[in-house]
1. Considering only region 124-141, I want to know if a residue exists there that is at pLDDT 85 or above, within 13 Å of the chain's Cα centre (by Cα), surrounded by 11 or more Cβ atoms within 10 Å (Cβ to Cβ) and assigned to a strand (DSSP E or B).
2. Consider LEU71 against the criteria (1) touching a strand residue (DSSP E or B) at 6+ places or on another chain (Cβ under 7 Å); (2) of a type outside the set (Asp, Glu); (3) surrounded by fewer than 17 Cβ atoms within 10 Å (Cβ to Cβ); (4) part of a strand (DSSP E or B): it satisfies all of them except one. Which criterion is unmet?
3. Just to verify a result, which residue in region 69-90, among those that are modelled with pLDDT under 90 and small (Gly, Ala, Ser), is nearest to ALA41 (Cα to Cα)?
4. Scan region 1-29 and report the pairs whose first residue is closer than 22 Å to SER140 by Cβ and whose second residue is part of a helix (DSSP H, G or I) and acidic (Asp, Glu), with Cβ atoms within less than 7 Å and a gap of 6+ or a chain change.
5. Please determine, by comparing only the residues of region 32-54 that are in contact with a helix residue (DSSP H, G or I) (Cβ under 6 Å, 6 or more places away or on another chain) and at pLDDT 95 or above, which one is surrounded by the most Cβ atoms within 10 Å (Cβ to Cβ).
6. Would you pick out the residues in region 1-31 that are aliphatic (A, V, I, L, M), surrounded by 13 or more Cβ atoms within 10 Å (Cβ to Cβ) and part of a helix (DSSP H, G or I)?
7. Do we find a residue being modelled with pLDDT of 95 or more, in a loop (DSSP other than H, G, I, E, B), surrounded by 13 or more Cβ atoms within 10 Å (Cβ to Cβ) and not small (Gly, Ala, Ser) anywhere in region 101-119?
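The values are calculated or read from the model by the stated rules, or taken from the named source; none is laboratory data. Worth saying up front: this structure is predicted, and the values here are computed from it rather than measured. Counting neighbours? That spans all protein chains shown, and the Cβs are built from the backbone with ideal geometry, glycine included.
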Amino acid sequence: MDEKIDLDAKIAILLKQVCFLRLTSEEIETLAGLLKEQKFAAGQTLVTEGELVDSIYLIVKGTAQVQHISLKNGVRTTQTVATLNPGEAIGLNETGFYSLTGLRTATVIAGTDMLVLRLSVAAFHGFALAFSHVNEVMRSNQGLQDSSDVNNS
């Protein structure tokens, strides 16, 4: 039951991400070619808070729980702060990559069996070097965030 996601489906999920909407058709198609399918079983951890951001994930099927884990008086507490659904991303927001520090801001656990598209940060940087327009778009997206009152805690 290996699922293969075709190029058109990859393009469609990229176009659901606001930060990529101003890319050209050629850029979107090239970026779609860099996405790799990955499966996660229910309960499996996709990313862990505090780890280095090495990739972003676009959810094709399944749901994920975004959690913050903290220690209070020596007791570990886990708080679910969001549920992510198909079409949503892990590690991206409207302006681009979510983490400004390069570290994961939450732990994400598969709530159900999941199929995601993974984009490594290294592959994205290579892509951005090949297409100078991408850097312009991402910088202007960041400018939109800087000039708004959005709080990305």
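1. The answer is no, given that none of the residues of region 124-141 is at pLDDT 85 or above, within 13 Å of the chain's Cα centre (by Cα), surrounded by 11 or more Cβ atoms within 10 Å (Cβ to Cβ) and assigned to a strand (DSSP E or B).
2. (1)
3. Within region 69-90, the match that is nearest to ALA41 (Cα to Cα) is SER70.
4. ILE11/GLU29
5. LEU35
6. Within region 1-31, ALA9, ILE11, ALA12, ILE13, LEU14, VAL18, ILE28, LEU31 qualify.
7. Yes, there is a match, as at least one residue in region 101-119 is modelled with pLDDT of 95 or more, in a loop (DSSP other than H, G, I, E, B), surrounded by 13 or more Cβ atoms within 10 Å (Cβ to Cβ) and not small (Gly, Ala, Ser).
Residue by residue, here is whether (1) polar (S, T, N, Q); (2) within 15 Å of the chain's Cα centre (by Cα); (3) on the phi > 0 side of the Ramachandran plot holds:
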{"residue": "THR48", "(1), (2), (3)": "yes, yes, no"}
{"residue": "LYS61", "(1), (2), (3)": "no, yes, no"}
{"residue": "LYS72", "(1), (2), (3)": "no, no, no"}
{"residue": "ARG76", "(1), (2), (3)": "no, no, no"}
{"residue": "LEU84", "(1), (2), (3)": "no, yes, no"}
